[in-house]
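One structure is given below, encoded as structure tokens.
The values are calculated or read from the model by the stated rules, or taken from the named source; none is laboratory data. Source: prediction; values computed, not measured. Ideal geometry is used to build each Cβ from the backbone, glycine not excepted, and the neighbour counts take in all protein chains shown.
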Amino acid sequence: MKRALRKLSDWLTREVSSSRSSFVLFVCLFAMVLVYRVQLTIGLFTNRVKPFDFHPGGHPFWFTLANLPYDLAIVLFCFLICWLLSRVTHFMEDRKGFQFFKISGMVFLQIVLLGLVLIHGVHGRLLFDVQTGIDRSVIKEAFSGISAVETINLTEVRDYLFLLFPFGIFWLVLLSSPRIRVWTVRVSVLLAMFLSCLSLFAAGGRTKDVADEIRLNPALFLLSDVTEDVLRYSPGYRNLDISKGTRLDIQSPRFKEDSPLKPANSLPAKSKHPWNVIFFIMESVGTRYIFDTSNGNRMPMPFLHKISQESWYLRRHFTTSNVSTKAIFSLFSGLYDFFNRKTIGTQPDAEVPSVYSWLGEGYDRFLVTPSSISWYFPAKFVKSSGPPEIHSYEDLKFKVREEFHSLGHYIARDEIQTVDFFIGRLSKAREPFLGTYISFAAHFPYFDYGEDYRVVEDGRLISRYYNNLNLLDHMIKRIVDHLREKGLLERTILVIVGDHGQAFGQHHPNNFMHYRYSYNENLETPAVLYQPALFKPRVFGFPTSHVDLLPTLLNAVRIPYASTAFDGESIFERKSIRKPIYFYGYEESFSSLDSHLIKVQYSLKKKSCWVFDLKHDPDEKNPIDCSLYPLQVEALHKFVSEHDANLLRYNSDLNEKKGFQAQVPATNEVSSFK
């Protein structure tokens, strides 16, 4: 044994001397993955906000060891690649150009090291800050939508330390004496072998039900995501178990309309006064949560429940996309955004008319939000139609909510103080006014606003979410009470709506927040139209969409518009069979839902299609083969294939001052908008 260990030691000494960069890389990466795994474990056991609401059991030491083999596998893989390359260059020592290859190899090694360090550092931050790991879509989003300034604002001292310490270890060991270098490598190798053996005992049962983002090494997770994307585009790939069940709906083409029923409600009489309008847009509020008392908790939004019984409540209302930028564009325009990741509302030439255009220049227009509009708001689109007065994170100097979350200092002001500001602005508003408030409280990480707003105390993500829904409910009540006290309520229309839904692990362990999937929990969001003089109490059970709200509002205030001006339909003019509504999923999918509650979904990633019959399968547990619904599938593909080009053409015509005319009231007279 002594002889074998001596031979191994001598071989290791020779190899370290001849391939020192490879072994130094091993030491460096080994230290990096240990720090990453220890930091992650500490965060999972101590942070109140945990990735995917995952609560690890047992002792932190054993949990760390249970997932360490994935980290050690990446270290070993990178070391072997580097060592093999060093063996190749070793045979070139006597040839011309050797120094060039040697320097190039060292530069390449630093680039690889930088990439691995960034992957580990970013992955760790994303898990706690955004409930996701680093994958292809995150990288694409970072390059397309996040500026360098925003990245710097998000980077903290601990991030810089994590990024720099592997390079410090690399050069410190590389430039040390041969004896210290060999000793460091020996200790690292023995420690890696020892931890590997321990991990075999620790792994039993502890990696079960652990999300891949937590269990796998970040580099391995990214590699698996990229590999899966490659396989998805290969012929015949299908990663979905589709049942061949019997069709249960009534098949109907998209444009077929039966004889119209009696309208859901006749158009209200024309008012002698212009209507004030308030949009209260609730970030990340899902319909299934707002009135939920199934766990013995108090109702999260009792005031909203009360006024929903006094107004039009759209019980089966859907967003047009599971991301805010596209959803808000649809709310304000009555149109679907692009069925790809680009957003027309952020383009500098956006000329599509918004609600601000339709209501006219006579309105006092203002928008208030505690968040940063650079993150989620189609500002170009809104400003093109006569910019409202906008107050956001950038100019509101209120305190911020930093507890529990590192991004808190950047993306949101205090919700209560921001509502105070909005109420103050309402007090100064000139009638008629169009006020918009976009909340943040129900967006992750669900800051704690104190005992006054707690309906659940157990600390889970969904419990803190319910608490902040209760906060929003109080804020809506404060606004309504203020309007009533000032004698404005009888002249004001309130449109209370969520931008999209929110998920808490339904269907998939990593289906948290809203943008990963297009299940109903990601898409369903409440909508309430409140003004007793215009909207008599009624609950609507058929599917409605964000694109329906603007034409409905214009009908209510008796502003005429061409039927081709919107993708949506006024609820006042409901037919027995409405057009299907459509959704774009940020996970690269598109979907439709018709009046028979047949939901067709097509994944661009998976190149596959499936159907849910929501009437018989409301929880979306049993996907059905699309071949049973050819008309719905054809309608979906036809709409998506034509929509983006039509929207671009429409916007181009408006840029050229042609193709659109609408009568819009300017105070007491009628003017035209082009």
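Couple of notes before you dig in:
- Some residue of the stretch 87-96 being modelled with pLDDT of 80 or more and in the same structural domain as Leu116 (by TED's automatic domain parsing): no
- Odd one out for Gly505, checked against (1) small (Gly, Ala, Ser); (2) closer than 26 Å to Asp548 by Cβ; (3) within 15 Å of the chain's Cα centre (by Cα): (2)
- Single residue of Leu200, Leu191 found to be of a type outside the set (D, E, K, R) and either surrounded by 14 or more Cβ atoms within 10 Å (Cβ to Cβ) or at pLDDT 80 or above (or both): Leu191
- Any hit, the stretch 136-147, residues being farther than 26 Å from Asp212 by Cα and modelled with pLDDT under 80: yes
Quick grid of which residues meet (1) under 28 Å from Ile344 (Cα atoms); (2) in contact (Cβ under 8 Å) with a residue 60 or more places away in the chain; (3) under 29 Å from the mean Cα position of the chain (by Cα):
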site	(1), (2), (3)
Leu523	yes, yes, yes
Leu529	yes, yes, yes
Pro532	no, yes, no
Leu554	yes, yes, no
Tyr584	yes, yes, yes
Glu587	yes, yes, yes
Ser608	yes, yes, yes
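- Close Cβ contacts (under 6 Å, 6 or more residues apart or on different chains) running from residues in the stretch 32-57 that are within 18 Å of Tyr160 (Cα to Cα) and buried (at least 19 other Cβ atoms within 10 Å of the Cβ) to residues that are at pLDDT 85 or above and hydroxyl-bearing (Ser, Thr, Tyr) comprise Arg37/Thr64.
- Residues of the stretch 301-311 classified as outside any helix (DSSP H, G or I) and either crowded, with 18+ Cβ neighbours inside 10 Å or free of Cβ contacts under 8 Å to residues at least 24 places away in the same chain (or both), total: 2
- Boolean, Asp548 is touching a Gly at 6+ places or on another chain (Cβ under 6 Å) and of a type in the set (Asp, Glu): yes
- Residues located in the stretch 626-652, provided they are within 16 Å of Leu593 (Cβ to Cβ) and of a type in the set (Gly, Ala, Ser): Ala635
- Selection count where residues are at pLDDT below 95 and either of a type in the set (D, E, K, R) or not assigned by TED's automatic domain parsing to the domain that holds His508 (or both), scope the stretch 578-612: 8
- Condition check for Ser627: assigned to a helix (DSSP H, G or I) and either modelled with pLDDT under 90 or over 29 Å from Ile344 (Cα atoms) (or both): yes
- Any hit, the stretch 428-440, residues being free of Cβ contacts under 8 Å to residues at least 60 places away in the same chain, part of a loop (DSSP other than H, G, I, E, B) and farther than 23 Å from Gly501 by Cβ: no
- Positions within the stretch 508-526 being more than 24 Å from Tyr336 (Cα to Cα) and either crowded, with 21+ Cβ neighbours inside 10 Å or modelled with pLDDT of 90 or more (or both), in sequence order: Phe512
- Pick from the stretch 556-571, criterion crowded, with 21+ Cβ neighbours inside 10 Å and over 28 Å from the mean Cα position of the chain (by Cα), ranking: farthest from Ile139 (Cα to Cα): Ala556
- Some residue of the stretch 284-300 being assigned to a loop (DSSP other than H, G, I, E, B) and β-branched (Val, Ile, Thr): yes
- Tally of residues being in a strand (DSSP E or B), over 16 Å from Thr436 (Cα atoms) and modelled with pLDDT of 85 or more across the stretch 373-424: 1
- No other residue among Leu529, Leu549, Leu472 is under 15 Å from Gly286 (Cα atoms), modelled with pLDDT of 95 or more and buried (at least 22 other Cβ atoms within 10 Å of the Cβ) apart from Leu472.
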